[in-house]
Amino acid sequence: MPTASKLSLLAAVALMLAACSPQAEAPAEPAAPQKVGREAAIEAGNGPPEQFIRALYAAYDHPPAEPVAPGRDMLIQRTLNAMIFYDWKNAKEANREPHLKNDPVCDCTGGKVVLKTVAITEGERNFADAAVTFTVDGTEKSQIVKLEKEGGRWKVLDIVKPGEKPLTEQLTAVLS
């Protein structure tokens, strides 16, 4: 029976060697695609305010397939969203144009939006102001984007353009 014990010994050595040999690694899952557009801006809301602002303006490079319904914008704070919705709803019911005709962040209805400068001023906890300069199809604009952290994410609370009342005051006047 020396042959059987040699075979048993060889089998045991083979099992030990197999246990010590590196395991074949499973193929790595492909990396999740990089978020762009509004999805990237929503995710950036979890970071610092400047990261959110940069992603907010970068989102115009990848517009959504469907326009965002008035009052349903995940990038805008809930009170401002409600004001935008009621402005739109009241205008529709009265068969007139809403006060807010343009996208409030870029004050445009399309075009190439390029962020030029950002200066963040941190306010009280969960509040910040972003002084931004940007262009829309080469036309320079500047404004203050007021931010609030809502639900753990930065969102647009208000927008103030030089020489104008804050957007929330304009909408309040229209809704009164």
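For region 143-173, the tally of residues that are under 18 Å from LYS101 (Cα atoms) and either of a type in the set (Lys, Arg) or in contact with a Pro (Cβ under 8 Å, 6 or more places away or on another chain) (or both) stands at 8.
Apart from one condition, ARG153 fits all of (1) at positive phi; (2) at pLDDT 95 or above; the exception is (1).
Being touching a Phe, Trp or Tyr at 6+ places or on another chain (Cβ under 6 Å), open to solvent by less than 80 Å² (accessible area, probe 1.4 Å) and of a type outside the set (Gly, Ala, Ser): is that true of PRO64 here?
Details: touching a Phe, Trp or Tyr at 6+ places or on another chain (Cβ under 6 Å): no; open to solvent by less than 80 Å² (accessible area, probe 1.4 Å): yes; of a type outside the set (Gly, Ala, Ser): yes.
It is false that PRO64 is touching a Phe, Trp or Tyr at 6+ places or on another chain (Cβ under 6 Å), open to solvent by less than 80 Å² (accessible area, probe 1.4 Å) and of a type outside the set (Gly, Ala, Ser).
When every residue of region 161-168 is checked against the conditions, none turns out to be modelled with pLDDT of 95 or more, open to solvent by 40 Å² or more (accessible area, probe 1.4 Å), within 18 Å of ALA59 (Cβ to Cβ) and of a type outside the set (Asp, Glu). Evaluated against (1) out of contact with any Phe, Trp or Tyr (no Cβ under 8 Å at 6 or more places or on another chain); (2) under 22 Å from PRO162 (Cβ atoms); (3) free of Cβ contacts under 8 Å to residues at least 60 places away in the same chain; (4) not aliphatic (A, V, I, L, M), PRO104 falls short on exactly one condition, (3). Filtering region 130-145 to residues that are open to solvent by 50 Å² or more (accessible area, probe 1.4 Å) and touching a helix residue (DSSP H, G or I) at 6+ places or on another chain (Cβ under 9 Å) leaves nothing.
Does GLY152 meet the test of being within 30 Å of LYS89 (Cβ to Cβ), surrounded by fewer than 17 Cβ atoms within 10 Å (Cβ to Cβ) and within 20 Å of the chain's Cα centre (by Cα)? So GLY152 passes the test.
The values are calculated or read from the model by the stated rules, or taken from the named source; none is laboratory data. Since this is a predicted model, take the numbers as computed values, not measurements. Note that we place each Cβ from the backbone using ideal geometry, even for glycine, and neighbour counts take in every protein chain shown. These area figures cover heavy atoms from the full protein model, side chains too; ligands, DNA and RNA do not enter into them. Shrake-Rupley method; radii C 1.70, N 1.55, O 1.52, S 1.80 Å.
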